[in-house]
Amino acid sequence: MTIDKIGGIGGGSYEPRKSTPVRKTESKESFDNISISDTAKQKASEARIQAEVQTISQKIVASPVDSERSAKLKEVKEKLKNGDYDNLSPELLNAVADRIAESFLGR
């Protein structure tokens with residue numbers, strides 16, 4: 001096997017490759033987008049409400065039984081059975097409605 005000589009050592013015939021200049025490309029910033037469907041938002045809202053209800057129910061169950069409150073509840077139940085609340089005056093009904101609205105609005 002014979003190996004032929006490619007070029008001389010003197011460097012007379014050697015030419016380095018010329019590098020091609022690097023072209024700068026325009027940088028286009030791309031942004032990722034996320035969209036959440038209405039169904040997913042509704043499910044998240046329902047889950048949040050359910051968690052709140054569960055937290056409130058755990059607080060109610062964990063709270064000690066108030067004997068005074070249970071006595072008042074028994075008294076009210078008896079009055080309901082006897083019909084004491086059947087014919088209430090408009091003034092009393094308005095007062096009860098105001099107290100219920102205040103308890104819901106947190107005033």
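Note on the chain: percent of Cα-Cα distances in each 10 Å bin, starting at 0 and stopping at the bin with the largest distance, equals 9, 13, 17, 13, 8, 6, 5, 6, 6, 6, 5, 6, 1. Seen from all directions on average, segment 66-106 presents a Cα convex hull projection of 3.7 nm². Computed over protein heavy atoms with a 1.4 Å probe, the accessible surface of segment 54-107 works out to 98 Å² per residue.
Per-residue SASA remark: D86, around 110 Å² accessible (1.4 Å probe; ligands, DNA and RNA not included). Using the alpha-carbon atoms, what tilt in degrees (0 to 90, nearest 10) does helix 38-62 show relative to the longest principal axis of the chain? Relative to the chain, helix 38-62 is tipped by roughly 50 degrees. When the surface is traced with a 1.4 Å probe over the full set of protein chains, L92 keeps roughly 80 Å² accessible. Measuring nothing but protein heavy atoms, the accessible surface of the chain at 1.4 Å probe radius is 54 percent carbon and sulfur. Net charge dipole, segment 66-106: roughly 200 debye, given to the nearest 20, about the Cα centre with Cβ charges of +1 for Lys and Arg and -1 for Asp and Glu.
Ordering V61, V76, V53 by accessible surface, largest first, gives V61, V53, V76; the 1.4 Å probe counts only protein heavy atoms, with every chain in place.
The values are calculated or read from the model by the stated rules, or taken from the named source; none is laboratory data. Just so it is clear, the structure is predicted and the values come from calculations on it, not from any experiment. Because the Cβ atoms are built from the backbone with ideal geometry, glycine has one as well, and the counts that use them run over all protein chains shown. The area values use the complete protein model at the heavy-atom level, side chains included, leaving out ligands, DNA and RNA. Shrake-Rupley method; radii C 1.70, N 1.55, O 1.52, S 1.80 Å.
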